[in-house]
1. Keeping to region 61-82, report how many residues are in a loop (DSSP other than H, G, I, E, B), at pLDDT below 90 and in contact with a Lys or Arg (Cβ under 8 Å, 6 or more places away or on another chain).
2. Do any residues in region 74-100 that are within 12 Å of Glu111 (Cβ to Cβ) have Cβ atoms under 8 Å from those of residues that are among the basic types (Lys, Arg) and assigned to a loop (DSSP other than H, G, I, E, B), where the two are at least six apart or on different chains, and which pairs are they?
3. Name the residues in region 9-33 that are touching a residue at least 24 places away in the same chain (Cβ under 8 Å) and outside any loop (DSSP other than H, G, I, E, B), would you?
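The values are calculated or read from the model by the stated rules, or taken from the named source; none is laboratory data. Bear in mind that the values here come from a model prediction, so they are computed numbers and not experimental data. Note that we place each Cβ from the backbone using ideal geometry, even for glycine, and neighbour counts take in every protein chain shown.
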Amino acid sequence: MHIPEFCEKCGSLLMPQKGGKTTILVCRKCGRRRLVKQKSGFNISTHSEKTGANAVVVDRKSAVEVLPKTTQQCPKCEHTEAFWWMQQTRGADEAPTRFYKCAKCGHIWREYE
């Protein structure tokens, strides 16, 4: 197993790229490049292992049913049940914005904290 290499400039993970007979490590963030010595035993692999952690990716446009529900009146159809999520839309020093989506008509509105 090879120990990952990190960029000296920005600290991001260096990704290997084949360049003919040589291998170059490239930082995706800042673009810094470093040539790998041939005798270093470096090998490019696409193997991945599944860990015990499970990740859930939610696309709120197509999978609204996994979002939490609350009692909130829709300004369009006056239905009283809505899905909600929070998103940082302004500066980090300001509160996030809460979005609602009506469970009946699909209308989306926002509430600032």
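1. 1
2. Hits for this filter: Trp85/Arg60; Thr97/Arg90.
3. If the condition is that a residue be touching a residue at least 24 places away in the same chain (Cβ under 8 Å) and outside any loop (DSSP other than H, G, I, E, B), then Pro16, Lys18 are the ones that fit.
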